[in-house]
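The next block holds one structure in the form of structure tokens; read it before the comments.
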Amino acid sequence: MNSPQIPAQKHKRIKSFFNYVNEAVSGTEQDFTEGKLSRAIILLSIPSVLEMVMESVFVIVDIYFVSKLGANAVATVGITESMVTIIYAIAIGLGTATTSMVSRRIGEKNPDAASNAAFQAILTGIIISIIIGVPGALFSRKLLVLMGAGGPIVDTMSGYTRIMLGGNIVIMMIFIINAIFRSAGDAAVAMKVLWIGNIINIILDPCLIFGLGPFPHLGVTGAAVATTIGRGTAVLVQFYLLFYGKKRIRLSVRHFKVNFKLMGRLLKLSFGSIGQNLISTSSWIALVRIISIFGSEVVAGYTIAIRIIGFTLLPSWGISNAASTLVGQNLGAKKPERAERAVWITGIANMILLSIIGLTLVLFPEVFIRVFIDNENVIKSGILGLRIISIGFVSYGLGMVLVNSFNGAGDTSTPLKINIFAFWCVEIPLAWILAMKAGMNEEGVFIAIVIAESLMTLIALIVFRRGKWKLKEV
């Protein structure tokens with residue numbers, strides 16, 4: 001009797017889902033402190049996932065074209081990216097603090113206060129990027145030597161490092177301003193500006209690397225130029241939308257005031273987040289330093305594997321960013337139980353997604369590695385890293401959401417403490433012991449990564465269940 005209704009109900013659910021997808025991509029006016037949580041998660045997650053995918057495409061495209069220049073060129077990108085991760089750490093940390101403050105003000109229905117916080121975050125990012133960029137550009141060769149790069153890399157490929165470090169302001173602005181849009185609920189805007197940047201990068205990369213047509217032949221340096229131009233264009237679009245777009249956050253001349261008190265609160269909040277990112281990313285630098293002992297081909301294989309892993313994990317970071325926004329807005333709206341439910345729903349979804357991706361990478365690693373290079377020694381090392389690290393994906397999925405939920409609540413000190421223990425006290429010493437003392441070489445480093453990340457998730461789960469994050473004031 002009810003059987004004819006079943007297909008109709010299924011069709012209605014499918015139609016509703018695709019309507020949500022369309023709304024998420026085109027933009028929404030949804031109040032995320034009201035209504036169905038499942039709808040809110042979809043509307044925030046889809047553009048956030050696509051945003052993070054677009055950000056990772058910058059590096060994937062660079063590696064794809066640079067790999068045609070050989071192992072030294074790939075190693076240059078890998079070593080430089082290990083240093084640029086410090087910039088990412090600071091940018092993400094400032095973005096996290098921005099998310100906490102802006103989402104709280106939006107949840108409190110105070111968009112003007114949210115705009116004030118947004119401007120102070122942008123100003124802070126500009127100052128920090130200048131402090132990093134000037135010495136980074138001037139001492140790029142010495143930094144490569146410090147990281148264990150060989151003579152050919154230092155002598156002929158340091159231009160890539162100089163441009164990436166010197167032009168770091170475009171990275172800083174993309175992360176901070178996209179955090180502003182995302183935490184206000186305009187996640188689709190953050191996604192679309194990165195589409196623009198990536199299209200430009202994809203077009204310019206082969207032209208500048210190989211000197212196609214009227215473009216100069218810049219080699220690996222061309223990848224840095226193309227990426228900086230692409231990101232820079234995206235930043236210009238961001239600023240245009242902040243001042244002239246009809247979004248939840250709208251900046252005007254009256255916000256052009258240096259509010260030291262607000263900047264102080266922002267910096268205090270960001271210190272924990274910057275610290276946790278610096279802890280995790282500095283551990284990656286230490287791992288590169290250990291792996292560099294085994295030669296450029298091993299570093300190149302590790303670099304390619306990490307880039308593939310980064311590409312597959314960033315969508316999950318996008319999903320966890322949705323959880324962060326929901327936590328901040330709902331705590332601002334005095335709805336802590338709704339915030340907690342959002343974390344559990346998002347965490348389970350993220351675990352399922354990463355379990356599927358991880359299984360694929362474990363079973364078919366060679367397929368993905370060979371897309372980037374045909375050097376058999378590099379492929380062998382890349383396969384080993386990709387297969388081992390992907391085993392831990394199921395725990396990474398939950399860990400990402402839990403950590404971002406603490407940050408969204410403004411509790412940045414808890415993830416910092418967890419990171420110090422998991423990465424500095426466990427991952428780095430264990431990687432060195434397994435690689436150097438146990439004779440496992442790079443395999444020992446890969447195993448240490450899985451153990452440390454899984455331990456981080458377990459500790460975060462225990463702390464999250466205690467519920468103290470709900471009481472944090474921002």
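Throughout, read-outs are computed from the coordinates displayed, never taken from laboratory work. This structure is a prediction, so every number in the text was calculated from the model and none was measured. Positions of Cβ are backbone-derived with ideal geometry, glycine not excepted, and every protein chain shown enters the neighbour counts.
Brief remarks follow.
- Region 251-320: C-alpha gyration tensor shape, a/c 1.5 cut-off, then a/b vs b/c: prolate
- Screening the chain for whole DSSP H helices with an alpha carbon extent of at least 24 angstrom along the helix axis and a mean Kyte-Doolittle hydropathy of at least -1.0 yields 5-26, 37-66, 71-107, 111-138, 187-210, 220-244, 260-291, 296-332, 336-363, 442-466.
- Of every Cα-Cα pair in region 54-118, the percent that sits beyond 21 Å: 48 percent
- Percentage relative contact order, the chain, counting C-alpha pairs under 8 Å, at least six apart: 21 percent
- Gyration tensor verdict on region 160-209 (Cα atoms; rounded if a/c is under 1.5, prolate if a/b is larger than b/c, oblate otherwise): oblate
- Mean-position separation - Cα centroids, region 211-245 and region 13-79, in angstrom: 20 Å
- Considering region 308-357 at the alpha-carbon level, its Rg and Dmax are found to be 12.2, 40 Å.
- Size of region 100-231 from its Cα atoms: along the principal axes, largest to smallest, the extents are 56, 34, 20 Å.
- For chymotrypsin sites (Phe, Trp or Tyr not before Pro), the sites in region 198-263 that DSSP calls loop and that have at most 16 other Cβ atoms within 10 Å are Phe256.
- With a threshold of 32 Å on the Cα-Cα distance, the over-threshold entries among Lys68/Lys246; Lys36/Lys268; Lys192/Lys257; Lys192/Lys468; Lys192/Lys417 are Lys68/Lys246; Lys36/Lys268; Lys192/Lys468; Lys192/Lys417.
- Between Lys109 and Ile199, the contour length at 0.36 nm per residue exceeds the alpha carbon distance by 28.8 nm.
- Bins of 10 Å, starting at 0 and running to the largest distance - Cα pair percent for region 357-428: 18, 33, 27, 19, 3
- Label-to-label distance, Lys334 versus Arg265, with points set 7 angstrom from Cα along the beta-carbon direction: 1.8 nm.
- Which of Phe139, Val327, Leu386, positive extreme of dipole for the chain (C-beta unit charges): Val327
- Once both labels are positioned 7 Å from their Cα atoms along Cα-to-Cβ, the gap between Lys468 and Arg289 label points is 3.2 nm.
- Whether region 378-464 is rounded, prolate or oblate, judged on the alpha carbon gyration tensor where a/c under 1.5 counts as rounded: prolate
- Compactness of region 47-175 was expressed as the Cα radius of gyration divided by 2.2 N^0.38 Å, which yields 1.25.
- Electrostatic dipole magnitude of region 32-471 [Cβ: Lys, Arg +1; Asp, Glu -1; Cα centre; debye, to 20]: 1840 debye
- Sum of -39500 (n - 2.57) over DSSP H runs of 4+, divided by residues of the chain (222 nm, nearest 500): -27000 deg cm²/dmol
- Once the convex hull of all Cα atoms in region 283-394 is built, its volume per residue stands at 97 Å³.
- Exposure proxy for Glu51, Glu108, Glu81: other Cβ atoms within 10 Å of each Cβ, ordered fewest to most, give Glu108, Glu81, Glu51.
- Intensity falloff of region 243-286 expressed as log10 I(q)/I(0), Debye formula with alpha-carbon point scatterers, at q = 0.16, 0.18, 0.27 Å⁻¹: -0.68, -0.74, -0.90
- Placing unit charges on the Cβ atoms only, positive for Lys and Arg and negative for Asp and Glu, gives region 68-218 a dipole magnitude near 80 debye about its Cα centre.
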